Amino acid sequence: MRDHMRVVVQSGGRRGRRARVAGVLWAAAELAVTVGVVVLLLVVHQGWWTNRQARVAARQEVARLEGAPRVDAASSSPPGPAFPEPSSAGSPAGSPAGSPSPSRTAGAGTGAGAPPTSQAPGGAGYAVLRIPRLGVVVPVAQGVDKRAVLDKGYVGHYPGTAQPGEQGNFALAGHRNTHGEPFRYINRLRTGDELIVEVRGRRYVYVVGRTLAQTSERDTGVIAPVPSSTAGPEYGYAEPGAYITLTTCTPEYTSRYRLVVWGTLQR
């Protein structure tokens, strides 16, 4: 009888341990599923929802800009003052869209070909960038602040660099992944491809001349008035001119390095 009772107690103990183990495993499985769902939602939000929102906002801004009063490109009146930089522009350090920041004023030229300028609120577009090969049509805003400009699906104009059509370097940054990702495929651009900038009725056509597949985020030379990379003298230019620079992150879904595309003004 005693042996029989001892067996029952031991059996109940094993069942209790098994129940506890099963409970722990079930809780772990539920936690794993919950974490998986949260991660999936984050991926959907970053990879789809932010793109959808940014693209809609960018299209609306392009439509607004295209409906703005046009200016006679043949007018001989001198251009106005350069756009003021929004207080949130700051340095693009840490931005996934490209963090080289200008170390000096780039191309403050005021020749007859320079575009007319006007006051623009912080984060508002003032130009439209078209990249025919990629089917990209995106607004350009002052500054490279993530929240105020880049995350809205816009392309940001580096503070201190030239305006479209001016001598110097009209330098731009844009997201490669998420938030509209306007610069996702700029690695596909080739020599001779057009980069078209429209500012209040004036149209400036740049032609891609050189690219740099990878450089450090601290390579500020790529957005200098005469762009030239520290990666090597063959990357960039040696003579003054009217340039455009596109910068974005590389490899995709990281912000470790920068991808650069340069062009020169044709008309």
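Read-outs throughout are calculated quantities, based only on the coordinates presented, and are distinct from any laboratory measurement. Just so it is clear, the model here is predicted, and its values are computed rather than measured. Cβ sites come from the backbone with ideal geometry, for glycine too, and all protein chains shown count toward neighbours.
Some observations on this one:
- Backbone phi angles across segment 227-233, fed through the Karplus curve with coefficients 6.51, -1.76 and 1.60 (θ = phi - 60°), yield HN-Hα couplings of x, 7, 8, 6, 5, x, x Hz in residue order; Gly and Pro are listed as x.
- Extended-chain gain in nm, criterion 0.36 nm per residue less alpha-carbon gap, Tyr253 and Tyr185: 23.2 nm
- Each residue of segment 123-135 was assigned a 3J(HN,Hα) from its phi angle through the Karplus expression (A = 6.51, B = -1.76, C = 1.60, θ = phi - 60°), giving x, 8, x, 9, 8, 10, 9, 10, 10, x, 4, 9, x Hz with x at Gly and Pro.
- Put a dot 7 Å past the Cα of Gln214, heading toward its Cβ, do the same for Arg55, and the two dots end up 2.9 nm apart.
- Rounded to 0.05, the FRET efficiency of the Glu234 and Glu194 pair, given R0 = 30 Å and the Cβ-Cβ distance, is 0.80.
- Compactness of segment 130-213 - radius of gyration and Dmax, Cα, Å: 12.4, 33
- Positive contributions from Lys and Arg (+1) and negative ones from Asp and Glu (-1), summed over other residues with Cβ under 11 Å from the Cβ of Gly263, come out at -1.
- Based on C-alpha pairs under 8 angstrom that are at least 6 apart in sequence, segment 202-267 has a relative contact order of 44 percent.
- Highest average first, the peptides 21-30, 150-159 ordered by how many other beta carbon atoms sit within 10 Å of their residues are 150-159, 21-30.
- Based on the Stokes-Einstein relation at 37 °C and a viscosity of 0.692 mPa s, and on the Kirkwood radius from alpha carbon pairs, segment 160-208 is assigned a translational diffusion coefficient of 266 µm²/s.
- Cβ crowding within 10 Å averaged over residues, with 131-144, 187-200 ranked highest first: 131-144, 187-200
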